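**Q** First, the structure itself, so that you have it in front of you.
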Amino acid sequence: MPVPLSPLALSSLVTTLRSAGCVFAEDEADLIAATAAGPAELTAMVERRVAGHPLEHVLGWAEFSGLRIAVGPGVFVPRRRTEFLIRQAAELAPSPAVVVDLCCGSGALGAALAAVLDGVELHAADVEPAAVRCARRNVGERGRVYEGDLFEPLPGSLRGRVDVLLANVPYVPTGDVALLPVEARVHEPLVALDGGGDGLDVMRRVAAEAPQWLAPGGSLLVETSERQAARAEEAVAGSGLVPRVVTSDEWYATVVIGTRPFPGRGVPSSISPHALQAMGEIEDGIPAPGGPGTSRELRGPARLGRLDGDRAAGRSAE
């Protein structure tokens, strides 16, 4: 049962949260009061939030793509901006579809996509035991969740059958991790944030192996930052996939998509010249028409965005 608060008590709670640096103090106060089972739990939740714990960890859930996703300590919180990736995946998925969610964290991406598609065969994997436990709770009977590094724990029978490969890999450059909001760098697993020297180490590993798992016409979708998009596109192209970049200004989101060509078919003309060069499809200096696609389908800014691989959260950075 929600904890009923008088106007004075609610105002005091808002003041406490705002003093702790919570930008959306009014919204957070309402959510905490609605989630707490009683006065004692309310006090404990406020104390945790003031101490810098992510709001979603305090609540025990995060809203994502219309679902309430369970999250807990040590689990990466799904970012609202990543809903843009789900939109792109839903448009690409056939019916029925084989879907794999790598670096799945809480399992939010796979669960969200399965919720909007019919006949999904869903497989998810993460290297973090806490994330795997959480993902199994969120995925439930929609699919199976495995513990292990990237493709390693997946059944071999999936090779060449995957229609949609979701890979929300870490993409914060190692040198920028210290600049993240405290609630991310302290309370979320480093393996879910640190993408290596330029932020693309894990993405390159996924792209290199993806063609072995994708079905002809199947697509890999990865989220990245705008400044990393060209290098990410080149890595995807270098693995033999046909790349394109899709962006949303409203959600501050950039998604790189790589599609496995059907045998005997040419490369679409919309692929940018530098990506074609990486694929070895054209000679240096010979242009191809078109370039990375841009999508502005979503309306309204995300409440929690991500700055170079992490959200500009509902708390001021420390």
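**Q** Restricting attention to region 33-65, which residues are at negative phi and either in contact (Cβ under 8 Å) with a residue 60 or more places away in the chain or among the polar types (S, T, N, Q) (or both)?
**A** Of everything in region 33-65, those that are at negative phi and either in contact (Cβ under 8 Å) with a residue 60 or more places away in the chain or among the polar types (S, T, N, Q) (or both) turn out to be THR35, THR43, HIS53, PRO54, LEU55, HIS57.
**Q** Oh, and also: With the checklist (1) surrounded by fewer than 20 Cβ atoms within 10 Å (Cβ to Cβ); (2) within 26 Å of THR16 (Cβ to Cβ) in hand, flag the one item SER95 doesn't pass.
**A** Of everything listed in (1) surrounded by fewer than 20 Cβ atoms within 10 Å (Cβ to Cβ); (2) within 26 Å of THR16 (Cβ to Cβ), SER95 misses just condition (2).
**Q** Is at least one residue of region 172-184 under 17 Å from the mean Cα position of the chain (by Cα), of a type in the set (Val, Ile, Thr) and assigned to a strand (DSSP E or B)?
**A** yes
**Q** Given the criterion assigned to a helix (DSSP H, G or I), open to solvent by less than 60 Å² (accessible area, probe 1.4 Å) and either modelled with pLDDT of 95 or more or out of contact with any Cys (no Cβ under 8 Å at 6 or more places or on another chain) (or both), identify the matching residue among ILE69, ILE32.
**A** ILE32
**Q** Now for a different question. Starting from region 67-81, take each residue that is more than 10 Å from ALA108 (Cβ to Cβ) and list its partners that are open to solvent by less than 10 Å² (accessible area, probe 1.4 Å) and among the aromatic types (Phe, Trp, Tyr), counting only C-beta distances under 8 angstrom and pairs at least six apart or across chains.
**A** ARG80/PHE64
**Q** I'm trying to understand the selection: among the residues of region 143-171, which are touching a helix residue (DSSP H, G or I) at 6+ places or on another chain (Cβ under 7 Å) and either assigned to a helix (DSSP H, G or I) or β-branched (Val, Ile, Thr) (or both)?
**A** VAL145, LEU158, VAL162, VAL164, VAL169
**Q** Against the conditions (1) buried (at least 22 other Cβ atoms within 10 Å of the Cβ); (2) at pLDDT below 95; (3) small (Gly, Ala, Ser), where does ALA108 fall short? Just the number, please.
**A** Every condition holds for ALA108 apart from (2).
**Q** Determine whether region 234-253 contains at least one residue that is within 16 Å of the chain's Cα centre (by Cα) and free of Cβ contacts under 8 Å to residues at least 40 places away in the same chain.
**A** No: region 234-253 contains no residue that is within 16 Å of the chain's Cα centre (by Cα) and free of Cβ contacts under 8 Å to residues at least 40 places away in the same chain.
**Q** Taking GLY140, is it under 28 Å from VAL58 (Cα atoms), of a type in the set (Gly, Ala, Ser) and in a helix (DSSP H, G or I)?
**A** Spelling it out, GLY140 is indeed under 28 Å from VAL58 (Cα atoms), of a type in the set (Gly, Ala, Ser) and in a helix (DSSP H, G or I).
**Q** Please count how many residues of region 152-181 are modelled with pLDDT of 95 or more, among the hydrophobic types (A, V, I, L, M, F, W, C) and surrounded by fewer than 22 Cβ atoms within 10 Å (Cβ to Cβ).
**A** Of the residues in region 152-181, 2 are modelled with pLDDT of 95 or more, among the hydrophobic types (A, V, I, L, M, F, W, C) and surrounded by fewer than 22 Cβ atoms within 10 Å (Cβ to Cβ).
**Q** Restricting the search to region 185-201, which residues are assigned to a loop (DSSP other than H, G, I, E, B) and without any contact (Cβ under 8 Å) to a residue 40 or more places away in the chain?
**A** GLY196, GLY197, ASP198, LEU200
The values are calculated or read from the model by the stated rules, or taken from the named source; none is laboratory data. Because the structure is a prediction, the values reported are computed rather than measured. Neighbour counts run over all protein chains shown; Cβ positions are idealised from the backbone, glycine included. When the accessible area is computed, the model is the full protein with side chains, heavy atoms only, and any ligands, DNA or RNA have been set aside. Shrake-Rupley method; radii C 1.70, N 1.55, O 1.52, S 1.80 Å.
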